[in-house]
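The block underneath contains the structure these notes are about, expressed in structure tokens.
Just so you know, all these numbers are worked out from the coordinates, no wet-lab data involved. Not measured: the values here are computed from a predicted model. Using ideal geometry, Cβ is built from the backbone for each residue, glycine included, and neighbour counts are taken over all protein chains shown.
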Amino acid sequence: MRFGAWTRRNETDDRLVQSVDILPSCLQAMGIEPGPSDGVSFLHAPAREAVYIESDSATMMVQRWLAKGAGLKEEDFNQYLRDLYCYRTREAKLIWTSDGQHEFYDLQQDPDEQHNLFGHDPRGNEFVRQLQKWRSRLQPHQANEAQPGFDKQTWEKLKALGYA
């Protein structure tokens, strides 16, 4: 992503950002005040100390694919039928899974994440605490039909897909 006055050709920025930071950054680049948001503009903000990532189970998607047939079996999708949460700093990364297959990597010594240190590196315990602290602050989305941009037909499609 290039932002004219804020970046140079072939220059990279290795600060940690989250996908929620993209909209505030684009708005700021256009001269629009972002307003309240979970994200922060990465154009002028200090680097994040850590990022959090959440990926819910793809159960609804898998069920749709299985219903289409095509020789697919449920066990083909087992790795996707779990929730994933991640707490990452520049130095290390924790992946917490709903099926108990947790992972912890020292990104300085093992940038390719080949050696899972979960349960063997005491830093993992602090990462677990930080992840739990973040998750405890999350508020569930309260979807409703009055949200702008959703007509009844779109709303029904989203509900059928499991998104609302």
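Label-to-label distance for Lys68 and Val20 is 3.1 nm, based on points extended 7 Å past Cα in the beta-carbon direction.
Please give the FRET efficiency for Ser55 paired with Arg8, using the beta carbon to beta carbon distance and R0 = 30 Å, rounded to the nearest 0.05. Don't skip to the end; give the middle numbers.
Values: r = 33 Å, r/R0 = 1.11.
The value I calculate is 0.35.
Farthest toward the positive end of the dipole of the chain, out of Ser41, Leu117, Phe127, is the Cα of Ser41, where the dipole comes from beta carbon charges about the Cα centre.
Under 5 Å from the amide H of Ala92 lie the amide H atoms of Leu107, each residue being 5 or more positions distant or on a separate chain, with H modelled from the backbone and absent for Pro and chain starts.
Maximal additional length on extending the Lys159-Asp76 stretch stands at 27.3 nm, based on 0.36 nm per residue less the C-alpha distance.
Ignoring the sites themselves, what is the longest stretch of the chain with no GluC sites (Glu not before Pro) in a DSSP loop and at most 10 other beta-carbon atoms within 10 Å? Show your work: numbers first, answer last.
On the way: sites that count: Glu11, Glu49.
It works out to 50-164.
Magnitude of the charge dipole for the range 1-48, about its Cα centre and with charges confined to Cβ atoms of Lys, Arg (+1) and Asp, Glu (-1), is about 180 debye.
A simple spin-label model places pseudo-atoms 7 Å from Cα toward Cβ; at Gln108 and Ile32 they are separated by 4.1 nm.
For volume of the Cα convex hull per residue in Å³, the value computed from the atomic coordinates appears in the list (1) 191; (2) 114; (3) 161 under label (1).
Exposure proxy for Met30, Met61: other Cβ atoms within 10 Å of each Cβ, ordered fewest to most, give Met30, Met61.
Compute the Cα gyration tensor for the range 1-48, then decide on rounded, prolate or oblate, letting a ≥ b ≥ c be the square roots of its eigenvalues: rounded whenever a/c is under 1.5, prolate when a/b is larger than b/c in the other cases, and oblate in all that remain. Judged from the Cα gyration tensor, the range 1-48 comes out oblate (a/c at least 1.5, b/c at or above a/b).
Is there a quick way to get the dipole size of the chain? I mean about its Cα centre, with the Cβ of Lys and Arg at +1 and of Asp and Glu at -1; what is the value in debye to the nearest 20?
Details: 20 positive and 25 negative charges, 88 e Å.
Approximately 420 debye in magnitude.
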